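Report on the following structure.
The values are calculated or read from the model by the stated rules, or taken from the named source; none is laboratory data. In this text, all values refer to a predicted model and were calculated from it rather than measured experimentally. Cβ sites come from the backbone with ideal geometry, for glycine too, and all protein chains shown count toward neighbours. What goes into the accessible areas is simple: the full protein's heavy atoms, side chains included, and nothing from ligands, DNA or RNA. Shrake-Rupley method; radii C 1.70, N 1.55, O 1.52, S 1.80 Å.
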Amino acid sequence: MVVEPKVKGFICTTAHPKGCEESVRRQIEYIKKKPQVEGAKKVLVIGSSTGYGLASRIAVTYGYGADTIGVAFEREAKGKRTATAGYYNTQAFEKIATEDGYFAKSFNGDGFSKEMKEEVITCIKENFGQVDMIVYSMAAPRRTLADGTTVSSVLKTVGEPFTNRTIDLRTNEIKEVTVPVATEEEIEATIQVMGGEDWYDWIKTLTDAGVVKENAITLAYSYIGPKVTHPIYKEGSIGQAKKHLYDTSVKMNQDFANLGLKAYISVNKALVTQSSSAIPIVPLYISLLYRVMKEAGLHEGCIEQMHRLFLEKLPGDVETDEKGRIRLDDYEMRPEIQDRIAEIWDNVDTESIGKLGDIEEYWSEFYHMFGFGYDNIDYTEDVEI
Ligand code: NAD
């Protein structure tokens with residue numbers, strides 16, 4: 001079947017199997033060119049199929065020489081409907097990593113569930129004995145709790161509605177958008193989905209089962225960003241969940257101190273992933289950020305960020321801020337970068353976005369996420385989906 005992109009708003013409903021493999025291959029090539037460092041050898045990545053989780057899996061495999069188990073929630077192909085990009089990415093990663101001599105097994109299902117945790121524990125026992133690193137990179141719209149109820153996360157403000165500019169991804173028009181206020185229940189639900197509860201559950205279940213090695217490391221990812229995005233991110237409903245995630249890292253460092261476990265929050269850079277495209281205002285910020293960071297020679301995507309995290313920030317004495325967080329947003333938050341974005345922000349409109357922002361790079365990364373837009377892939381060819 002010939003697979004074409006079908007974009008609806010901020011999502012593409014098709015994915016190209018060969019293109020996804022190309023995307024995985026390019027990320028692997030990037031890490032392979034860097035010298036390997038001493039690091040974890042048996043790694044569990046939860047949320048391993050796209051974005052930061054996939055890049056983490058690639059970075060530890062090729063940067064540390066680690067064997068990995070991945071967990072993700074992706075859709076298989078059915079009839080004429082392609083699988084999701086994460087499904088094809090995982091298939092491609094497993095194939096290439098296995099050919100290269102690494103153990104790479106992936107589970108497709110609900111990472112929040114008790115059953116998935118049990119399956120993973122069995123797999124660790126059979127293949128690794130213990131893991132020495134657990135990366136928690138899940139970004140989910142909803143979570144089914146142990147009692148069967150499902151709660152959904154929202155991307156809203158807290159306190160007052162917030163009006164600012166955004167980009168309409170369907171038309172590339174700059175428009176005003178008002179982000180509504182989250183109710184108490186919505187905030188609570190967002191914390192349940194995107195906060196630290198499930199991360200803690202994973203670590204507790206794994207340590208109780210005896211499958212976490214002494215002095216292991218666990219990581220989860222967060223974002224802070226500049227003032228212009230604070231009402232929708234840092235101070236919004238998602239930010240409340242990220243506060244909970246941070247507090248969970250502090251709690252884990254106390255509760256699992258006897259095992260020598262170290263829990264870190266890595267504050268990453270804003271970039272195009274399936275999750276960030278859904279946040280109002282953020283895509284406009286990202287397109288300006290891309291332009292300004294490229295001009296400064298500091299542009300990074302997922303794999304460049306994860307390379308710095310696993311191969312530069314983590315080895316040896318872990319480099320953290322005063323709150324113990326790893327700051328991969330250090331380039332993004334440089335005053336000269338943020339001052340320049342603030343200057344552009346007030347003037348950008350539909351006519352000037354092409355010049356002031358990097359819409360092309362935004363869309364190019366967006367299409368790449370679904371395996372489209374690679375110049376060495378023949379998209380007119382039939383592919384097995
Ligand atoms: P993403 O959408 O690319 O990846 C999400 C992953 O979670 C996928 O592998 C998906 O399959 C998996 N997943 C979703 N629901 C699941 C479930 N129920 N069970 C198992 N797996 C499930 O997202 P991302 O942007 O890479 O986000 C990963 C983390 O990084 C999040 O914590 C996010 O907040 C954080 N982060 C993102 C950015 C950004 O700009 N994208 C910046 C900083 C931090």
Residue among Leu356, Leu289, Leu298 that alone is away from the ligand (no atom under 15 Å from the Cβ) and open to solvent by less than 30 Å² (accessible area, probe 1.4 Å): Leu298
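Being crowded, with 17+ Cβ neighbours inside 10 Å and farther than 17 Å from Tyr223 by Cα is the filter here; which residues of segment 314-343 pass it? Let's see the steps before the verdict.
Keep residues of segment 314-343 that are crowded, with 17+ Cβ neighbours inside 10 Å, which gives 314, 325-329, 331-332, 337-338, 340-341.
Hits for segment 314-343 are Leu314, Arg340, Ile341.
Does Tyr102 count as in a loop (DSSP other than H, G, I, E, B), in contact (Cβ under 8 Å) with a residue 40 or more places away in the chain and either near the ligand (Cβ under 8 Å from one of its atoms) or hydroxyl-bearing (Ser, Thr, Tyr) (or both)? I'd like the intermediate steps shown before the answer.
Values: in a loop (DSSP other than H, G, I, E, B): yes; in contact (Cβ under 8 Å) with a residue 40 or more places away in the chain: yes; either near the ligand (Cβ under 8 Å from one of its atoms) or hydroxyl-bearing (Ser, Thr, Tyr) (or both): yes.
Yes, satisfied.
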Residue among Thr50, Thr84 that is farther than 14 Å from Gln27 by Cα, within 11 Å of the ligand (Cβ to nearest atom) and touching a residue at least 60 places away in the same chain (Cβ under 8 Å): Thr84
Unmet criterion (only one of (1) within 16 Å of the ligand (Cβ to nearest atom); (2) more than 15 Å from Ile46 (Cβ to Cβ)) for Lys251: (1)
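Residues that are in contact (Cβ under 8 Å) with a residue 24 or more places away in the chain and among the aromatic types (Phe, Trp, Tyr): list the helices (runs of 4 or more DSSP H) wholly contained in segment 273-375 that include at least 3 such residues.
359-369
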Selection status of Arg142, more than 15 Å from the ligand (Cβ to nearest atom) and closer than 29 Å to Pro5 by Cβ: no
Any hit, segment 6-27, residues being of a type in the set (Phe, Trp, Tyr) and modelled with pLDDT of 95 or more: no
Any hit, segment 123-134, residues being of a type in the set (D, E, K, R), within 14 Å of the ligand (Cβ to nearest atom) and closer than 27 Å to Asn268 by Cβ: no
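Going through Glu214, Glu176, Glu235, Glu186 one at a time, which residue ends up being open to solvent by 30 Å² or more (accessible area, probe 1.4 Å) and part of a helix (DSSP H, G or I)?
Glu186
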